[in-house]
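To keep things clear, I will list the structure first and then write my remarks on it.
The values are calculated or read from the model by the stated rules, or taken from the named source; none is laboratory data. Note that the structure is predicted; figures quoted are calculated from it, not measured. Cβ sites come from the backbone with ideal geometry, for glycine too, and all protein chains shown count toward neighbours. Note: accessible area is taken over every heavy atom of the protein model, side chains too, but ligands, DNA and RNA are not part of it. Shrake-Rupley method; radii C 1.70, N 1.55, O 1.52, S 1.80 Å.
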Amino acid sequence: MPGNKDSLTITDNRTGKTYELPILYGTYPKYGAAINAMDLRRIKASDADFGLLSLDPSFMNTASCKSSITFIDGERGILRYRGYGIEELARKSSFLEVAYLILDGELPTKPQLEEWTTRVTYHTMMHESLKRLMDGFRCGTHPMGSFIGTVAALSTFYPESKNVRSKENRREQIVRLIAKMPTIAAFAYRHSVGRPYVYPDNTLDYTGNFMSMLWKMAESRYEVNPVLAKALDILFILHADHEQNCSANSMRSIGSSQVDPYSALAGAAAALFGPLHGGANEAVLRMLDEIGSKNKVPEFIAGVKSGSGRLMGFGHRVYKNYDPRAKVIKRLADEVFEVTGRNPKLDIALELERIALEDEYFIKRKLYPNVDFYSGLIYQAMGFPVEMFPVLFSIPRTVGWIAQWEEMLMDADQKIARPRQIYLGADTRDYVVMSKRG
Ligand code: ACO
């Protein structure tokens with residue numbers, strides 16, 4: 001019998017031997033009880049054996065790290081950064097304040113926030129050579145492609161960034177990254193539509209400056225609409241981190257080789273470019289176009305239930321309740337549409353939600369609107385083309401990527417990420433010379 005109740009007893013039926021593996025707990029035992037996979041290596045069929053591995057394609061049930069940054073309770077629809085609920089942060093904080101919180105663990109005091117904001121504001125410019133590099137992308141190029149390429153190129157401008165063990169050095173690159181993301185994003189957009197670049201205006205705040213770089217034309221100063229700037233700021237807060245998702249995991253994995261943060265972050269952004277990660281809000285807009293009008297919604301829902309497609313923007317691997325970010329975005333949509341005019345697709349979306357939330361199929365499978373259900377409608381109403389959606393996602397998520405990267409570097413348990421495999425290929429074979437093949 002095991003001596004410790006916080007343990008797992010495993011009997012290997014190949015040998016009859018019994019092993020006791022300690023169970024480790026996080027802050028919330030319901031979501032954070034685990035065994036250490038390395039403990040399985042003690043379990044061997046013979047002394048010559050390598051030891052037992054756990055097989056888990058796609059990390060369906062594997063914790064890759066211990067983290068103190070973000071917590072999600074998918075059953076209850078809870079998302080917290082450093083312990084603070086997302087709804088409250090969206091209501092009371094600014095994006096740069098939340099960025100400070102995510103990176104440092106504490107909300108900034110007034111002087112700390114002022115200093116942080118000043119530092120970020122004075123790093124918004126980019127090197128002229130980097131601008132010329134962006135010019136080299138084909139006209140009409142996808143802005144996310146040129147965004148990823150330009151972020152990767154930053155490492156050539158800041159070669160000292162490879163010194164990832166120095167805290168001071170990391171802090172310098174972190175400020176640069178957060179400051180330059182809107183500039184690179186706006187330049188990628190302007191290049192994709194063939195407009196001249198607009199340089200940062202340091203008298204504007206983070207999102208106001210971004211809007212100016214995106215949309216300023218011949219006027220001497222861009223007039224920022226405060227409602228839209230605030231809405232963008234809130235959307236940035238909602239997208240700042242989401243614990244161990246595909247791109248955060250990419251950032252950690254690439255960064256574990258101790259490469260500079262620009263190269264690692266370009267890889268994380270590339271992961272986000274994939275349609276299964278950053279592309280769902282675009283799919284929602286396409287779906288709404290396809291449905292066409294409110295009275296076609298019942299027919300569309302019937303089609304989804306009979307397996308002809310999915311209700312895009314519904315369901316989530318982790319959330320089995322209303323995504324808390326979707327709640328905030330739904331409220332935000334009304335404020336944005338007051339300024340931009342109502343996106344006509346909203347009525348279709350509201351009808352879809354109303355019918356789906358009353359339908360046994362969706363109730364039984366715990367399918368609720370996720371962050372992407374309403375975000376695309378807002379971005380479209382604000383004037384963003386769908387190609388900009390993953391770029392818009394990458395600007396705030398940069399904060400989460402860097403926080404996850406730094407936490408990984410500081411974690412004494414972490415080494416270069418290198419999973420194992422279960423080999424299913426051929427046994428050793430004699431080499432066949434070309435003339436004897438086939
Ligand atoms: N519409 C209709 N049925 C759905 C949907 C949906 N959107 N999502 C899941 N289901 C059904 C599945 O068919 C399955 O039914 P079954 O049990 O009868 O086979 C059941 O619900 C469970 O679905 P899974 O695919 O196992 O759920 P999983 O956790 O793997 O998928 C995912 C999550 C990919 C998000 C899925 O819900 C989906 O495809 N949603 C639509 C796309 C989307 O909105 N993606 C954005 C996610 S948020 C983000 O990435 C930022």
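Residue count for region 306-342 satisfying the condition of being within 26 Å of residue 277 (Cβ to Cβ) and outside any loop (DSSP other than H, G, I, E, B): 12. Looking at 38, 60, just one residue is open to solvent by 60 Å² or more (accessible area, probe 1.4 Å) and at pLDDT below 95, and that residue is 60.
Pick from 299, 290, 282, 353: which is under 28 Å from residue 88 (Cβ atoms), more than 10 Å from the ligand (Cβ to nearest atom), in a helix (DSSP H, G or I) and of a type outside the set (A, V, I, L, M)?
Numbers: 299 fails: under 28 Å from residue 88 (Cβ atoms); 290 fails: under 28 Å from residue 88 (Cβ atoms); 282 fails: under 28 Å from residue 88 (Cβ atoms).
Answer to the check: 353.
The set of residues from region 358-369 being touching a helix residue (DSSP H, G or I) at 6+ places or on another chain (Cβ under 8 Å) and either surrounded by 24 or more Cβ atoms within 10 Å (Cβ to Cβ) or under 30 Å from residue 338 (Cα atoms) (or both) comprises 367, 368, 369.
Being away from the ligand (no atom under 16 Å from the Cβ), modelled with pLDDT under 95, in contact with a helix residue (DSSP H, G or I) (Cβ under 8 Å, 6 or more places away or on another chain) and more than 30 Å from residue 316 (Cβ to Cβ) holds for only one residue in 194, 149, 140, 208, and it is 140.
Anything in region 316-341 that is more than 16 Å from the ligand (Cβ to nearest atom) and out of contact with any helix residue (DSSP H, G or I) (no Cβ under 8 Å at 6 or more places or on another chain)? List them, or say none. Result: 331, 334. Among the conditions (1) open to solvent by 60 Å² or more (accessible area, probe 1.4 Å); (2) closer than 30 Å to residue 52 by Cβ; (3) hydrophobic (A, V, I, L, M, F, W, C), residue 432 misses just one, which is (2). With respect to (1) among the hydrophobic types (A, V, I, L, M, F, W, C); (2) near the ligand (Cβ under 8 Å from one of its atoms); (3) open to solvent by less than 40 Å² (accessible area, probe 1.4 Å), the lone exception for residue 312 is condition (3).
Beta carbons closer than 8 Å, at least 6 apart along the sequence or on distinct chains, pair a first residue in region 310-323 that is more than 19 Å from residue 244 (Cα to Cα) and without any contact (Cβ under 8 Å) to a residue 60 or more places away in the chain with a second that is among the β-branched types (Val, Ile, Thr) and more than 7 Å from the ligand (Cβ to nearest atom) for 311/301.
Does residue 351 satisfy being open to solvent by 60 Å² or more (accessible area, probe 1.4 Å), over 21 Å from the mean Cα position of the chain (by Cα) and over 22 Å from residue 70 (Cβ atoms)? Spell out how you get there, then give the answer.
On the way: open to solvent by 60 Å² or more (accessible area, probe 1.4 Å): no; over 21 Å from the mean Cα position of the chain (by Cα): yes; over 22 Å from residue 70 (Cβ atoms): yes.
Judged against the criteria, residue 351 is not a match.
Considering only region 258-273, I want to know if a residue exists there that is within 14 Å of the ligand (Cβ to nearest atom) and either within 22 Å of residue 380 (Cβ to Cβ) or surrounded by fewer than 17 Cβ atoms within 10 Å (Cβ to Cβ) (or both). Yes: one or more hits.
If I ask for residues that are without any contact (Cβ under 8 Å) to a residue 60 or more places away in the chain and open to solvent by 100 Å² or more (accessible area, probe 1.4 Å), which ones from region 418-429 would you list?
Taking region 418-429 and keeping what is without any contact (Cβ under 8 Å) to a residue 60 or more places away in the chain, we get 418-419, 421, 423-429.
If the condition is that a residue be without any contact (Cβ under 8 Å) to a residue 60 or more places away in the chain and open to solvent by 100 Å² or more (accessible area, probe 1.4 Å), then 418, 421, 423, 424, 427, 428, 429 are the ones that fit.
Of the listed requirements (1) over 14 Å from the mean Cα position of the chain (by Cα); (2) open to solvent by less than 50 Å² (accessible area, probe 1.4 Å), residue 302 misses just one: (2). Among the criteria (1) within 13 Å of the ligand (Cβ to nearest atom); (2) open to solvent by 10 Å² or more (accessible area, probe 1.4 Å); (3) in contact with an Asp or Glu (Cβ under 6 Å, 6 or more places away or on another chain), the one residue 243 does not fulfil is (3). Filtering region 370-417 to residues that are charged (D, E, K, R), within 25 Å of residue 179 (Cα to Cα) and open to solvent by 10 Å² or more (accessible area, probe 1.4 Å) leaves 387, 406, 407. Yes or no: residue 196 open to solvent by 70 Å² or more (accessible area, probe 1.4 Å) and either farther than 30 Å from residue 410 by Cβ or touching a Pro at 6+ places or on another chain (Cβ under 8 Å) (or both)? Yes; evaluated as a whole, the condition is true for this residue. Looking only at residues in region 85-98 that are out of contact with any Pro (no Cβ under 8 Å at 6 or more places or on another chain) and part of a helix (DSSP H, G or I), which one is surrounded by the most Cβ atoms within 10 Å (Cβ to Cβ)? The residue in question is 98. For residue 82, which of the numbered conditions (1) at pLDDT 95 or above; (2) closer than 30 Å to residue 322 by Cα; (3) open to solvent by less than 10 Å² (accessible area, probe 1.4 Å) fails to hold? For residue 82, the exception is condition (3).
For residue 218, which of the numbered conditions (1) in contact (Cβ under 8 Å) with a residue 12 or more places away in the chain; (2) assigned to a loop (DSSP other than H, G, I, E, B); (3) not polar (S, T, N, Q) fails to hold? All conditions are met except number (1).
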